[in-house]
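Undergrad: Handing you this structure, nothing more for now.
The values are calculated or read from the model by the stated rules, or taken from the named source; none is laboratory data. Model, not experiment: these values are computed from the prediction. Cβ placement follows ideal geometry from the backbone for every residue including glycine, while neighbour counts extend to all protein chains displayed.
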Amino acid sequence: MNLKNIIRLLLLLTLLACARNKLPTAATALTGEWTWIASSGGFAGVHYTPSSTGDQIKITFTEDTFRRYKNGILEIETSYHLVEGETIMSTDSVTLIEYGNGLQQSFKLEGDRLFTFDECYDCFNSEYIKE
C-alpha cells in the first residue's frame, strides 16, 4: 500500500467517525419530555395552540421509544431512530426522526426548544419546550 492510499484511508475513516458522532449528539439532546407550544401549517395555513384547542400535548423521547400524550392520555407509542437524509425543502443531508411506521420528520433544536417539521407538502410544523 503506498502513502497516497494510506492517507485516503485515514481521511475516509476520519470522515466516517465524524458522521457517526452527529447522531448520538442529536439523540441525546432529543431525549426527554417536551410540552407543545404551537403548530401551524396545512393547506389553509392554520395556527393552533393549547389555548385555541384546549389540548395539552406532551411528547417524550427515550433511547428508542417515542410517546405522545394528549390531555394526559397516551395516544401514540412507537419506536424511532435517527437517520441522515434529505428533506422536502432541501437536498442537503440532515438528521431526521424516523418513526416505527416509516414516517419521517425533520427537526431543529434551539436551546430548550424543539421544532418538528412534517416531511410532506401542506403538512404541519410544531414547537415544543423541554421540561
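Undergrad: If the requirement is being touching a Ser or Thr at 6+ places or on another chain (Cβ under 7 Å) and modelled with pLDDT under 90, which of these qualifies: Leu16, Leu23?
TA: Leu23
Undergrad: Next question. Would you mind stating whether Ala29 is among the small types (Gly, Ala, Ser) and modelled with pLDDT of 85 or more?
TA: Judged against the criteria, Ala29 is a match.
Undergrad: I'd like to verify a number: residues in region 66-106 that are more than 13 Å from Phe117 (Cβ to Cβ) and hydroxyl-bearing (Ser, Thr, Tyr), how many?
TA: Number satisfying all stated conditions: 7.
The rows are residues; the columns are (1) touching a strand residue (DSSP E or B) at 6+ places or on another chain (Cβ under 7 Å); (2) acidic (Asp, Glu); (3) under 16 Å from Ala29 (Cβ atoms).
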{"residue": "Glu77", "(1), (2), (3)": "yes, yes, no"}
{"residue": "Ile88", "(1), (2), (3)": "no, no, no"}
{"residue": "Ser93", "(1), (2), (3)": "yes, no, no"}
{"residue": "Glu98", "(1), (2), (3)": "yes, yes, no"}
{"residue": "Leu103", "(1), (2), (3)": "no, no, no"}
{"residue": "Ser106", "(1), (2), (3)": "yes, no, yes"}
{"residue": "Glu110", "(1), (2), (3)": "no, yes, yes"}
{"residue": "Tyr121", "(1), (2), (3)": "no, no, no"}
{"residue": "Tyr128", "(1), (2), (3)": "yes, no, yes"}
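Rundown of residues vs (1) surrounded by 12 or more Cβ atoms within 10 Å (Cβ to Cβ); (2) outside any strand (DSSP E or B); (3) on the phi > 0 side of the Ramachandran plot; (4) in contact (Cβ under 8 Å) with a residue 40 or more places away in the chain, yes/no style:
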position: Ser40; (1), (2), (3), (4): yes, no, no, yes
position: Ile76; (1), (2), (3), (4): yes, no, no, no
position: Asn101; (1), (2), (3), (4): no, yes, no, no
position: Phe115; (1), (2), (3), (4): yes, no, no, no
position: Ile129; (1), (2), (3), (4): yes, no, no, yes
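Undergrad: Oh, and also: Considering each of Gly111, Gly85 in turn, give the residue that is exposed (fewer than 12 other Cβ atoms within 10 Å of the Cβ), over 23 Å from Phe43 (Cβ atoms) and free of Cβ contacts under 8 Å to residues at least 24 places away in the same chain.
TA: Going through Gly111, Gly85 in turn, the sole match is Gly111.
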